[in-house]
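Note sheet for the following structure.
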Amino acid sequence: MKKIYFTFALVLLTCTLAHASELLLRVNRKGQFIVSASSQTQTNNYNSYQFYNLYGGTTQVKVVDKANGQVIFKNNVNIPEGYQLIAELDYYGTLTIVSNNPIASYNNGGWNDNVGTINYGNNGNGNYDGGYQNNHCGTHPNYQGDGYYNQGQTANNNNNFNQFLASLKSESFDSNRLQNAKVYASKTNLSANQIKEIAATFTFDSNRLDWAKAAYTNCYDKGNYFLLRDTFTFSSNYSELQDYISTL
């Protein structure tokens, strides 16, 4: 009888492993995190997480800042049965699929430069409560909502930005432009070039400086902030901007 049970357990284990899926996730931001995939939960000091023996299909993934309980990412991620999915989570809570490989033929065992095109946005907010809320990650490449795919998203963002820029140019006074621009920046991550384009709509250098200081926090490529230098009439204002940034 024991032999029958052992044989049954071995067959069950073999079948389970044969259909297992895997997730390798790297979190590209400072801090310690509690990471869950399906019913598995991990935390460590080096921000790379490996989950094995996951069921194929939709897997619930959640990343929580261990220090303050903030949900950095929460969404459903599709991991095909028998595949190893390698992903990275950026500072803004967008999860990018780096590669998706059949486990039987995959022998690299790590991240590479073959960056995929499907990005999952963060569908979570609030504090970690030890459970999951409903997720709404769609399947259409232009899905928009709390969570989103980045396919087609760049074009949509550019269209929205161009519409906003046109509305700024239609304003008669710098004060109105500055107020509207600050509100827009508080809700939108902007590139240094986009911030430069908005700065160019102002008549006075003092407003350009005020805007450049206010928008810096929401610039996602701060290394390119030097692009704003040409928007200033007086070099002293750009120097003041540099001094301000150096204190942050």
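The values are calculated or read from the model by the stated rules, or taken from the named source; none is laboratory data. Because the structure is a prediction, the values reported are computed rather than measured. For neighbour counting, all protein chains shown are included, and Cβ atoms are generated from backbone atoms with ideal geometry for every residue, glycine included.
Restricting region 217-233 to residues that are part of a helix (DSSP H, G or I) and within 25 Å of the chain's Cα centre (by Cα), which is surrounded by the fewest Cβ atoms within 10 Å (Cβ to Cβ)?
223
Give the residues of region 18-27 that are touching a Phe, Trp or Tyr at 6+ places or on another chain (Cβ under 9 Å), among the aliphatic types (A, V, I, L, M) and over 22 Å from residue 91 (Cβ atoms), sorted by residue number.
Within region 18-27, 20 is the sole residue that qualifies.
Considering region 28-43 alone, what residues qualify as being in contact with a Phe, Trp or Tyr (Cβ under 8 Å, 6 or more places away or on another chain), within 19 Å of residue 96 (Cβ to Cβ) and modelled with pLDDT under 90?
If the condition is that a residue be in contact with a Phe, Trp or Tyr (Cβ under 8 Å, 6 or more places away or on another chain), within 19 Å of residue 96 (Cβ to Cβ) and modelled with pLDDT under 90, then 28, 29 are the ones that fit.
Got a sec? Which of 112, 159, 125 is modelled with pLDDT under 90, part of a helix (DSSP H, G or I) and loosely packed, with under 12 Cβ neighbours inside 10 Å?
The match here is 159.
Could you list all residues from region 77-104 that are under 14 Å from residue 31 (Cα atoms) and not in a loop (DSSP other than H, G, I, E, B)?
89
Taking the stated definitions as given, is residue 222 farther than 20 Å from residue 171 by Cβ and basic (Lys, Arg)?
Working: farther than 20 Å from residue 171 by Cβ: yes; basic (Lys, Arg): yes.
Criteria met by residue 222.
What are the pairs with Cβ atoms under 7 angstrom where one residue, in region 31-42, is free of Cβ contacts under 8 Å to residues at least 24 places away in the same chain and farther than 16 Å from residue 89 by Cα and the other, located anywhere, is aromatic (Phe, Trp, Tyr) and in a loop (DSSP other than H, G, I, E, B)? Sequence gap at least six, or different chains.
Within 7 Å, the pairs are 38/55.
Among all residue pairs at least 6 apart or on different chains, which show Cβ distances below 6 Å where the first residue, located in region 87-98, is among the polar types (S, T, N, Q) and the second is modelled with pLDDT of 85 or more?
If the second residue must be modelled with pLDDT of 85 or more, the pairs left are 96/88.
Residue 201 versus (1) in a helix (DSSP H, G or I); (2) buried (at least 17 other Cβ atoms within 10 Å of the Cβ): which is the lone unmet condition?
Condition (1) is where residue 201 drops out.
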